[in-house]
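Structure record follows, encoded as C-alpha cells.
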Amino acid sequence: MENQYIEDDQSLVELCQHMAKAKILAIDTEFVRTRTLYPILGLLQICDGETVALIDPIAIDDLSPFWQLLTNPKIEKVLHACSEDLEVFLTQANCRPVNLIDSQVMMSFLGHGLSLGYAATVKHYLDIELDKSDSRTDWTKRPLSDSQINYAGADVEYLYLLFPKLKSELIATPWFEAAQQETALMIERKFTPIDDSQLYRQVKMSWRLNAKQLNSLKFLTQWRYQQARKRDIPISFVAKDQTLIGLAQSLPKSMPEMTNLEGVDVLDVRHKGKTMLAVLKQAEQVNTAQYPEKIKRLDEYPGYKQTFKKVKAFIANIAKEHQQQIENFASKKQINQFLTWHYQLNDQNLAANKIDILRDWRAMLFGEQLLAQAKSNFSELK
C-alpha cells in the first residue's frame, strides 16, 4: 500500500476527498494522556486499502475534512477497542461517528473474549507479529521516528486487511447486528454529557454519608470536576476522593481543622483548602429539602445476593444456548444496573429503554422474559 504523511491543510483536503470514495475505512488514533483530563491528540491514522495515511494534527490547523469522513454514513468505519478513540473524537471536535463498528466487539461475539488486544487479533487472523514497543511513546513530540511511523501505519493497514475476515465470519452467525448495536451503545455512552450534579454518587464510600454530608460532597465533586475541565487536569490533581469524603463527613470550619482530619490529603488542603472551605459554605446555604437522598446500597437490599445469582444463572443459560459467553450478554455491572432500576434505588427516573439488558438485541433474546419475571419478583426465574 502507498504510505502518506499528511502535515498541511491542502494535503488533508485532497486525501479526504480520495478517502470519501471508499466503502471501508480502518481508523486509529495516537494520543498522550498523563497529566491532562482530556487526551492530547498526536496522530490520526486511516487506511482505505490503497493508502495508509498518517495525519499530523499538530501541524494541521483544520481537521474538519477528517471529521466529515467519520460522520459520512456511506462509509463503514472499523476501529479496534474504540472507547478512548471516541473520547478523542468527542473532545477534539464533538464529532460523533456513524456507521462504525469495533473489531474487538466483533471478536468477542466470535468467541475470543471481550479484551483481546489488537496485536493478538492480528496474530490470530494474519499470523503477523506486531512490534508494540512504541505504544507508550510521546506522540506529541516531533519529528516522529521511523519506528513510530511504522507502528502507527501498521495499526490501520492490518486492521483493514483483517476486517473482511472478521465480518464474513460474523455475518455467518446471528451476531453481526448485535456487534453493531454494542458499538452504537459505546458511542451513546461516550457522547452522553456528564451530569456533574450526580458525580458524588461515584465517589467510593459516599453511601456512608447522611443527607447533609452528601449535599456537601455534591458541591465538592461539582467544583472539582469544573476545575479539572477548566484547567484540563485529572480530577485527582484537583483533590483526591478521600479528601472530599473526609471534608464532607466532618464539615470543618478552618484550615487547621481540615489538616487534622483522617484521610484528608495534606497537599490538597495546602493548595485548595481555602477554596474548599468556601465550597462547603456554599453547600450550607442549601435548604434541607433539597439535600440528596441517602444512597441506598444494592447489596444491602433484602434478597439481593440470591436474586443476582438467579438473574446471572438465567442469562448464563441463555448465553450457553446460543454458544456465547455470559460476558457478551451481561456483565456484573449491567445486571446490577437492572436490579437497581427494578428496586427503584437511587435512579428511580431511569427509563427501561436505558437499561442495557432490556434494550436492543438483548431485549429480543431475554429482556422481555426477564422483565416479566421481575413483576413476580423473580419467583419463577431459574
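Computed from the coordinates by the stated procedures, all read-outs in this text should not be read as laboratory data. Small disclaimer: the values here were computed from a predicted structure and weren't measured. Reconstructed Cβ throughout: ideal geometry from the backbone, glycine too, with neighbour counts over all protein chains shown.
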Quick query: amide H of Q4 versus all other amide H atoms, modeled in the peptide plane; which residues come in under 5 Å with a sequence gap of 5 or more or a different chain?
V52, A53, L54
Can you give me the Cα centroid spacing of region 131-182 and region 42-112 in angstrom?
10 Å
Which listed residue (Y151, L162, G117) has the Cα farthest towards the positive end of the charge dipole for region 111-217, taking +1 on Lys and Arg C-beta and -1 on Asp and Glu C-beta about the Cα centre?
G117
Using only Cα atoms and rounding to the nearest 10 degrees, what angle (0 to 90) does helix 9-19 make with the longest principal axis of the chain?
80 degrees
Taking springs between alpha-carbon atoms closer than 10 angstrom, which of A211, A172, A283 fluctuates most in the Gaussian network model of the chain?
A172
Taking Cα atoms of region 16-134, Rg/Rh with Kirkwood Rh, to two decimals?
0.96
DSSP beta bridges in the chain: the antiparallel percent, rounded to 5, is 50 percent
Going by average Cβ density within 10 Å per residue, which order do the peptides 203-209, 173-179 take, highest to lowest?
173-179, 203-209
By how many nm would the segment from Q369 to E321 grow when fully extended, if each residue of separation counts as 0.36 nm and the alpha-carbon distance is taken off?
15.8 nm
Just to confirm the number: angle between the C-alpha axis of helix 146-171 and the first principal axis of the chain, 0 to 90 degrees, nearest 10?
90 degrees
Which residue fluctuates most in the GNM of the chain (Cα springs below 10 Å): A26, A363, A278?
A278
Local charge sum around S254 (other residues, Cβ-Cβ under 15 Å, Lys/Arg +1, Asp/Glu -1)?
+3
Spelling out what I want: for every residue of region 318-325, take phi, set θ = phi - 60°, compute 6.51 cos²θ - 1.76 cosθ + 1.60 (Karplus), and round to whole Hz; glycine and proline get x.
4, 4, 4, 4, 9, 6, 10, 7
Show me the three semi-axes of the equivalent ellipsoid for region 1-69, from the C-alpha gyration tensor (sqrt of 5 times each eigenvalue), largest first, rounded to whole Å.
22, 13, 11
Using Cα centres only, tell me the gap between region 1-35 and region 265-292 in whole Å.
46 Å
Environment charge at Q148 (Cβ cut-off 14 Å; Lys +1, Arg +1, Asp -1, Glu -1):
-4
Just to be sure I follow: if Rg is taken over the C-alpha atoms of the chain and Rh is the Kirkwood radius over the same atoms, what is Rg/Rh?
1.02
What does the C-alpha gyration tensor say about the overall shape of region 196-290? Classify as rounded when a/c is under 1.5, otherwise prolate if a/b is larger than b/c, or oblate.
rounded
Please report the relative contact order for the chain, taking Cα pairs under 8 Å with a sequence separation of at least 6, and give it as a percent rounded to a whole number.
13 percent
Sum up the charges of everything whose Cβ sits under 11 Å from the Cβ of I101, counting Lys and Arg as +1 and Asp and Glu as -1, but leave I101 out.
-2
Among all lysine pairs in region 2-191 that are eight or more places apart or on different chains, how many have alpha carbons less than 24 angstrom apart?
21
Tell me which lysines have Cα within less than 26 Å of K272's Cα, excluding those fewer than 8 residues away on the same chain?
K204, K212, K218, K230, K240, K253, K281
